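A short write-up of the structure that comes next.
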Amino acid sequence: MRSNSSPEPGFARADFTLPRAPDGSDAVYLAGNSLGARPHAARRALLSAVDDQWAAVGVAGWEESGWWAAPQRVGDRIAPLVGAAPGQVVVGDSTSVQLFGLLVAAARLRPDRTVLLSDAGHFPTDRYLATSVARLTGLTLETGAPPAMAPDERTAVVAVPAVDFRTGERWDLAPIVARAHDAGAVVVADLSHAVGAMPVDLDGLGVDLAVGCTYKYLNGGPGAPAFAYVAARHHDVLDPPLTGWTGHADPFAMTEAWTPAPGVGRLRVGTPPMLALLALDGALDVFDGVDLAGVRAASLALGDAFLAALPAHVEVVTPREHARRGGHVAVRVGDAEGLCAALARRGVVVDARPPDLLRFGFAAPYVTLDDARTAARELAALLA
Ligand SMILES: *Cc1c(COP(=O)(O)O)cnc(C)c1O
């Protein structure tokens, strides 16, 4: 357990192995908004799951090693990171699968409504799924920019991200949730670009349902399972579409009909990817005892250092204002793919998003102020 009430940028760097730069040194790794770096604790947890659990006890691991309970146990470790009281978060499937389940379940909470309102700039999987869920549930899909969304008496569901995946703009969820609730709609928030980068207060905001990715700022590893949040007030009535056996109230009774598990457990679908889930469990050690407001402040300081070192002519699409900035900063460049590759050759790992954006992710646990300035300097050199 770390005691670090006011973390500085790079406060947990010693707890990570960073990808290599071409010269063999540690890369300046600013792709944590896409895939977080590897915490030592994730490796240890994964090796222990393979050697001490799977190899040693076999099938008994479902009970003896706590595998069966792990989706909710790990969910309860994520809960404080998103402002959720215990018992409202479950981990198991991909963000896309969890989102599908929650969008349909949200629509079923408002059977008398006709519209699914979604962010026009939502991450592709969120947009594709909203389109399919609207078709499946008979809702009409309408889209808009989050601040301009105007839900009304027709709106069943409002689907919004906490941060725009492309521009890095942070949305103020409070007025969005308030307007949705005034109109009688249910809010499904996607926290993929927020969790682990900044405090989120799901209970305080009154968000109804939420999902989030764990391989970005939570460093759970490639394909780490996502989490789903269901506010306790919906637990008894939530009607998920994927009625898999592990979400049954008594799965080993193997009964004829599906009876939902109490609480958020009904969102479980099939046997979860246990090795990935246990690697995530280890990765979460990085956040033990860490003040997320401090992580957020450190991430903003990194972004500020980057922006200050950037030549004035570079077009920054992310708002500079702290309240409107997420965990990454995006700049518009001509040939984003080419510059991304050129930066990688100089030991700076970022990513490109079409058509012309480069994203610089400021994951405070392992990114230092020097890293942020180096990235700006290398970009400037390439653009000169
Ligand atoms: C990263 C991300 C996802 C990822 O979905 P997967 O199912 O894990 O591939 C979904 N939504 C948003 C907003 C994301 O940022």
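Label 7 Å along Cα→Cβ of Glu64; region 267-299 residues with amide nitrogen under 19 Å? Under 19 Å, as judged by backbone N against the label point of Glu64, lie 274-275, 278 of region 267-299. Taking the square roots of 5 times each eigenvalue of the Cα gyration tensor of the chain, largest first, gives ellipsoid semi-axes of 34, 27, 17 Å.
For the chain, the 222 nm mean residue ellipticity estimated from helices alone, with every DSSP H stretch of n ≥ 4 adding -39500 (n - 2.57) and the total spread over all residues, rounds to -9000 deg cm²/dmol. About its Cα centre, region 1-153 has a charge dipole of approximately 80 debye under the convention of +1 per Lys or Arg Cβ and -1 per Asp or Glu Cβ, with nothing else charged.
Think of region 68-271 as having a plus end and a minus end, set by charges on the Cβ of Lys, Arg, Asp and Glu; of Val207, Pro262, Leu218, Leu218 sits farthest toward the positive end of this dipole.
If you count the DSSP beta bridges with both ends in the chain, what percent of them are antiparallel, to the nearest 5?
Given both bridge residues lie in the chain, the antiparallel proportion sits at roughly 50 percent.
Farthest towards the positive end of the charge dipole of the chain, among the residues Ala301, Val90, Ser6, is the Cα of Ala301, using unit charges on the Cβ of Lys, Arg, Asp and Glu. The fewest-to-most ranking of Val333, Val89 by surrounding Cβ atoms within 10 Å reads Val333, Val89. Footprinting exposure proxy ranking of Val157, Val104, Val188, fewest other C-beta atoms within 10 angstrom first, gives Val104, Val188, Val157.
FRET efficiency for the pair Asp291 and Ala120, taken as 1/(1 + (r/R0)^6) with r the Cβ-Cβ distance and R0 = 30 Å, rounds to 0.30. For region 283-297, 3J(HN,Hα) computed residue by residue from phi via the Karplus equation (6.51, -1.76, 1.60; θ = phi - 60°) reads 4, 5, 4, 4, 9, 4, x, 9, 7, 5, 5, x, 4, 4, 4 Hz, glycine and proline entered as x. Across region 77-88, coupling constants 3J(HN,Hα) worked out from phi with the 6.51/-1.76/1.60 Karplus curve, θ = phi - 60°, read 7, 7, 3, x, 6, 10, x, 10, 5, x, x, 10 Hz, and Gly and Pro carry x. Modelled spin-label separation between Ala342 and Ser25, with each label point placed 7 Å from Cα along the Cα-to-Cβ direction: 2.1 nm. Convex hull volume of the C-alpha atoms in region 68-271, normalised per residue: 107 Å³. Full extension of the segment from Ala380 to Arg332, taken as 0.36 nm per residue of separation minus the current Cα-Cα distance, would add 16.0 nm. Assign one of three labels to region 242-384, namely rounded, prolate or oblate, based on the Cα gyration tensor with a ≥ b ≥ c the square roots of its eigenvalues; rounded applies when a/c is under 1.5, prolate when it is not and a/b is larger than b/c, and oblate otherwise. The shape class here is prolate. Ordered by the number of other Cβ atoms lying within 10 Å of each residue's own Cβ, fewest first, Val295, Val314 fall into the sequence Val314, Val295. With the simple model of a label 7 Å out from the Cα in the direction of the Cβ, Ala309 to Ala14 spans 2.3 nm. Using a 10 angstrom Cβ neighbour count of at most 12 plus a DSSP loop assignment to flag exposed GluC sites (Glu not before Pro), which longest range of the chain is free of such sites? Excluding the exposed sites themselves, the longest stretch runs over 1-152.
Under a 5 Å amide H cut-off, with hydrogens placed 1.01 Å from N, Gly83 pairs with Val200, Leu202 among residues at least 5 apart or on other chains. Taking 0.36 nm per residue of sequence separation and removing the Cα-Cα distance, the Thr243/Ser6 pair yields an extension gain of 81.0 nm. Approximating the spin labels as points 7 Å out from Cα along Cα→Cβ, the Asp172-to-Asp51 distance works out to 5.2 nm. Relative contact order for the chain: 26 percent, from Cα pairs under 8 Å spaced at least 6 residues apart, divided by residue count.
Read-outs throughout are calculated quantities, based only on the coordinates presented, and are distinct from any laboratory measurement. Computed from a predicted model, the values in this text were never measured in an experiment. Every residue, glycine as well, gets a Cβ built from its backbone with ideal geometry; the counts of neighbours run over all protein chains shown.
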